[in-house]
Amino acid sequence: MAENFPTILTRSSLLAFVLTGTVMASPAMAAEGEEPSAIRVLGHPDPEGLLPDQTAPKVVSAISADFITKQAPTLNAFQLVGLLPGANAASTDPYGLSASSSLTLRGLGQDKIGVLMEGAPQNDIGYYYAYPSQFADAENVRQVALSQGNVDLDSPVLGAAGGLLSLSLDDPSAKRGALVNLSLGSYNERRGFVRVDTGTMGDSGLRAFVSYSNNRADNWRGAGFDMRNHVDGKLLKEWGQGNRASLAVSFNSAKTSTYPAPTLADWQAYGRGYNYSQTYTAGDTAYWRFYRAPFRNVYLSAPVHLQLDDRLTLDTTTYLQWGYGNSPYGTQLTTTGNYLGTEPLTQPVSLPGADASGLATVLGNWTGNQFRGGNVTKLVLQAGAHRLTAGLWYDYGNDRVTQSYTSVGADGTPVDEWGYQSKAIKTADGRLLAYENIRTITKAQAFFVADSIALGSQWKIDLGFKGVNIQRNGRNYLPGPQGAVHYDSFAALPRAAVHFRIDDRQQLFANISTSFSAPTEFALYNSYWGGDISTKGTSALKNEYTLSQELGYRYIGPNLSFSLAAFHYHFRNRQVATVINNGGALVNSTINGGGQTSYGLDGEIDWRPAKGVSLYVSGEYLRTRLENDLEVGGDYLPTRGKQAVSSPKFQFGVGSTYDDGLLFGSTALKYLGRQYSTFMNDESIPAYATLDLALGLHLGGLLDGKRTDLRVNAINITNPRVLSGVMSVGFNAQDTVGRNGTVIGASAPAYYIGGGRAFVATLSRAF
């Protein structure tokens, strides 16, 4: 894995490596109870050391465009935040193109991390996952903010006990211009990016940008390659005193590889040689072309901020997203003996390429066709010492999932890698031959109210409440005992926070908040195998409910800034993200881990000892404890008192930068402690560290004065051969005697293999 966070300074602008609690403010980012105008710059007379004051009563970290533009342009948002405290980014390829990646915060998986881009949710509505390789290009991102625990009351996300990752796109420039980036790197990496800004268009006040990028790289291990085409755009109108409206769009079309995930035994036997087949032979279901995932996505967001009068503001964001894609795999079918749900198929199925026994290798398709749209609106009234907020959120999602089969040619090339039903294998009477065939409508409705009370110039108390209702209505189209499914749940989420400003440099804050997460849609449906129910769906699962607290201190000085925060969580019905094998497809799912308690410390230090030099250190100490024995197969696994999975006790990051106006460079080191992969703590991956380096030249001063940079990024330069994270969690890796005396059989977890070393050279030129 490459924890890619080399930080690079420019003489005119130090990267806004915003420490815990020092997030840059904007109307979309301001927490409830806090006006953007409350942000004041303190100290830092040297322009290289600007760190904006943060008065939010919670832990927040952020990175800005000054940092992002100096990184390898292929990196995704998960990789970019990897150096921040509590962030554990596990990626299977150095360039961040593959969907095989994960992010945990304080030991909480990515299905517990809300993701917003321009105020619009990016998470999958059915499974809560977000896919960073689909997000906006790094060149267009103004800031990535990471709230490790406490999510803003007005954030339109579900199940975000693990925190919030927010991406803000760059505003279009008021002046006409263009930017071109060209990159070449290891594994045949080739990337081009071009952005055009219109400047202000006549008297309309409108300005816009549009960008296009193309990225291609060979798989760093095994056969295959990844391709990504991406378009971003933003239209902005500002008028009057603080009014603004914008429309942002992001389109992504990609075909990326899913790397095989080994068990520990596989890793010990094959190491990095655990790959898919490079060439196809008849009957081989592990051919690499069977594991290339094509996806297309469109995200739109339209945030509007209106200053209705000197005391009343209105913020509303309307968003839409659409996505279609396939997560394919290789499998085999026979012409006879098939079932559709629980119905036996009496007539043979026609299988192109079947051998004399009726056996054929086919492409299994796990296709998702999802639409999501919604709106979040809030009114904010300043009434003396009170800042009152009231708002509504509505979200609608339509998720169509099918698991069908497509024939492959004699050379192993699929007839249709997209998994379209028009080319899928049918039954003798013309029905779709499918292992899974469902549609789910999800509606989320919420209201929220808050009051931020200023008590003099030093104290501020925030009180808030959010009520969320989530409803799922679906249908299982496979023949069998299940037809319609339904789930309906309401959660009451109170919160409170206090902030005390000791002086212009020091702050204390504390908060208590609640969160919930409803079961994923997968849990509602039956799965069938051989005409029988292999997994029984249920609507009786309980919501995960979280109570969390934070207590923190910040100091912002002219050359030294730091923060330290203690946190505590208590979970009921803890839902742990995992990946399960669903008829051959690897499907995101959750396991109910019962009760859990977590507590720890987060800290960050930023020291600027001299002009052009910056040193950054982050760290986290985390302790977790499972509160229940887990029910497995009618018995109880003795897990009470064990540690949570994917929760390293220690992790830290160290970054350094140098910039003299011509030459710049950086280092970034990330260390992660041991991570358990089973609830019984009988299997784990050892601690490991990664190191990134960067070296570059500012050439604009030697040419025509326009921005021209040449940089080389070394990703994961020490190239450790490690397992970078847990993909599929296990209950117990060794046979274990349950509380009632039965032997509970072992289940082997699967892991991400850390990406290899890569070098990327980038020439960046502004026009």
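The values are calculated or read from the model by the stated rules, or taken from the named source; none is laboratory data. Quick caveat: nothing in here was measured; it's all calculated off a predicted structure. FYI the Cβ positions are ideal-geometry reconstructions off the backbone, even for glycines, and counts take in every protein chain you see. Each accessible area value is taken on the protein alone, full model and side chains, heavy atoms only, with ligands, DNA and RNA left out. Shrake-Rupley method; radii C 1.70, N 1.55, O 1.52, S 1.80 Å.
Scanning the range 399-415 for residues being open to solvent by 10 Å² or more (accessible area, probe 1.4 Å) and either over 28 Å from the mean Cα position of the chain (by Cα) or aromatic (Phe, Trp, Tyr) (or both) gives a total of 9. Given the condition in contact (Cβ under 8 Å) with a residue 12 or more places away in the chain, within 15 Å of residue 95 (Cβ to Cβ) and open to solvent by less than 20 Å² (accessible area, probe 1.4 Å), answer yes or no: does some residue in the range 202-212 qualify? The answer is no; no qualifying residue exists.
Could you go through the range 668-686 and let me know if any residue there is open to solvent by less than 50 Å² (accessible area, probe 1.4 Å) and modelled with pLDDT under 90. Yes, because at least one residue in the range 668-686 is open to solvent by less than 50 Å² (accessible area, probe 1.4 Å) and modelled with pLDDT under 90. The set of residues in the range 62-74 that are open to solvent by less than 10 Å² (accessible area, probe 1.4 Å) and among the hydrophobic types (A, V, I, L, M, F, W, C) comprises 62, 63, 67, 68, 72.
Counting the residues of the range 623-655 that are assigned to a loop (DSSP other than H, G, I, E, B), more than 26 Å from residue 606 (Cβ to Cβ), among the charged types (D, E, K, R) and open to solvent by less than 70 Å² (accessible area, probe 1.4 Å) gives 3.
Here's the yes/no breakdown for (1) under 25 Å from residue 403 (Cβ atoms); (2) assigned to a strand (DSSP E or B):
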position: 261; (1), (2): yes, no
position: 268; (1), (2): no, no
position: 306; (1), (2): no, yes
position: 309; (1), (2): no, no
position: 317; (1), (2): no, yes
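Scanning the range 436-444 turns up at least one residue that is without any contact (Cβ under 8 Å) to a residue 60 or more places away in the chain, under 29 Å from the mean Cα position of the chain (by Cα) and farther than 30 Å from residue 405 by Cα. Quick check on residue 485: is it surrounded by 15 or more Cβ atoms within 10 Å (Cβ to Cβ), closer than 30 Å to residue 552 by Cα and in contact (Cβ under 8 Å) with a residue 40 or more places away in the chain? Answer is no for this residue.
Name the residues in the range 687-731 that are modelled with pLDDT under 90 and either among the β-branched types (Val, Ile, Thr) or crowded, with 17+ Cβ neighbours inside 10 Å (or both), would you? 727, 728, 729, 730, 731, listed by residue number.
In the range 510-566, the qualifying residues are those that are within 29 Å of residue 106 (Cα to Cα) and aromatic (Phe, Trp, Tyr), and the one that is modelled with the highest pLDDT is 553.
Of everything in the range 244-278 that is among the charged types (D, E, K, R) and open to solvent by 50 Å² or more (accessible area, probe 1.4 Å), the residue that is nearest to residue 323 (Cα to Cα) is 255. Give the range 328-364 a look and list any residue that's touching a Ser or Thr at 6+ places or on another chain (Cβ under 7 Å), buried (at least 19 other Cβ atoms within 10 Å of the Cβ) and either hydroxyl-bearing (Ser, Thr, Tyr) or farther than 19 Å from residue 435 by Cα (or both), or say none. Passing the criteria: 354, 361. Only residues that are among the hydrophobic types (A, V, I, L, M, F, W, C) and farther than 30 Å from residue 643 by Cβ were counted across the range 553-571, and they come to 2.
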